[in-house]
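These notes are about the structure you will find just below.
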Amino acid sequence: MSESASQHRIEVESHGHVTVITLSNPPTHTMVAAEATELHEVLDQLEANASLRVLVLTGGGEGVFVRHYEVGELVASSERLQGDAPPPARAQSGGPDRGLRGVMLRLEAMDAITIAAINGSTMGGGLELALGCDFRLQRAGDYRLGLPETGVGILPGGGGTQRLARLLGVARALDLILHGEVYGPQRALELGVVNRVLPHENFMQHVMEFAQSLARRAPRAL
């Protein structure tokens, strides 16, 4: 939808009652604050679209959904909190969260069904974003998923601790998070982290078939 010096961009495609958002931030394909802000702007428009029934999020990088949240920004945020810098204006005013955490809260609150089309590997904030969706469809292949933050001395800060516990149960989520376990698509399916593992070839075609089957159902029921 737009492109900045950091190369992040968001593309939005409408397919009748289904809309696909593609997230890109080459070459790393990490999530950055500016991209989260732009995603909020896209959601502002989509929430006003009464015909939207299914929203799909996918990654624009080959073999990458969202690699993780940009570590440099996390470090800078941590240093700011430990220092004397004033809190962000949002925190002072009590206004809405326009960061990644706020994106996930909005996805959960949407009337439309939300699908994370995980087209490759995703860790940390990327997996947390997927956990904020109603469905997670994983592409088959040699990919890795997980919340490995404890390995670098932090916790999943975007709601991953709560959402994974609700999804898998506290004991299993605690085990995965504290050990920072990283796993492949089949293990993710066995755990219940993803709903389906779809074929590697023509992955988005399979995703769209899944999405369109939902979009054809009665809007009131959805």
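Let's see how each residue does on (1) part of a strand (DSSP E or B); (2) out of contact with any helix residue (DSSP H, G or I) (no Cβ under 9 Å at 6 or more places or on another chain); (3) modelled with pLDDT of 70 or more; (4) among the β-branched types (Val, Ile, Thr):
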site	(1), (2), (3), (4)
Arg67	no, no, yes, no
Glu73	no, no, no, no
Asp97	no, no, yes, no
Leu107	no, no, yes, no
Gly126	no, yes, yes, no
Leu129	no, no, yes, no
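From the list Ala218, Ala211, the lone residue that is free of Cβ contacts under 8 Å to residues at least 12 places away in the same chain and open to solvent by less than 100 Å² (accessible area, probe 1.4 Å) is Ala218.
Residues are listed down the side, and each one gets a yes or a no for (1) more than 30 Å from Ala50 (Cβ to Cβ); (2) of a type outside the set (A, V, I, L, M, F, W, C):
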{"position": "Arg106", "(1), (2)": "no, yes"}
{"position": "Ala109", "(1), (2)": "no, no"}
{"position": "Ser121", "(1), (2)": "yes, yes"}
{"position": "Asp134", "(1), (2)": "no, yes"}
{"position": "Leu137", "(1), (2)": "no, no"}
{"position": "Leu147", "(1), (2)": "yes, no"}
{"position": "Leu176", "(1), (2)": "yes, no"}
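Does at least one position in the stretch 211-219 carry a residue that is outside any loop (DSSP other than H, G, I, E, B), within 15 Å of Phe65 (Cβ to Cβ) and not acidic (Asp, Glu)? No: the stretch 211-219 contains no residue that is outside any loop (DSSP other than H, G, I, E, B), within 15 Å of Phe65 (Cβ to Cβ) and not acidic (Asp, Glu).
Taken as a whole, the stretch 132-141 holds no residue that is open to solvent by less than 70 Å² (accessible area, probe 1.4 Å), without any contact (Cβ under 8 Å) to a residue 12 or more places away in the chain and on the phi > 0 side of the Ramachandran plot.
Reported count of residues in the stretch 182-199, each being open to solvent by 30 Å² or more (accessible area, probe 1.4 Å) and of a type in the set (A, V, I, L, M), is 3. Among the residues making up the stretch 145-175, a single one is part of a loop (DSSP other than H, G, I, E, B), over 15 Å from the mean Cα position of the chain (by Cα) and crowded, with 16+ Cβ neighbours inside 10 Å: Pro148.
Residue-level analysis places Leu178 among those that are outside any loop (DSSP other than H, G, I, E, B), in contact with a helix residue (DSSP H, G or I) (Cβ under 8 Å, 6 or more places away or on another chain) and open to solvent by 70 Å² or more (accessible area, probe 1.4 Å).
The values are calculated or read from the model by the stated rules, or taken from the named source; none is laboratory data. Values in this document were obtained by computation on a predicted structure and should not be read as measured data. Note that each Cβ is placed from the backbone with ideal geometry, even for glycine, and that neighbours are counted across all protein chains shown. Surface areas here come from the heavy atoms of the whole protein model, side chains and all, with no ligands, DNA or RNA. Shrake-Rupley method; radii C 1.70, N 1.55, O 1.52, S 1.80 Å.
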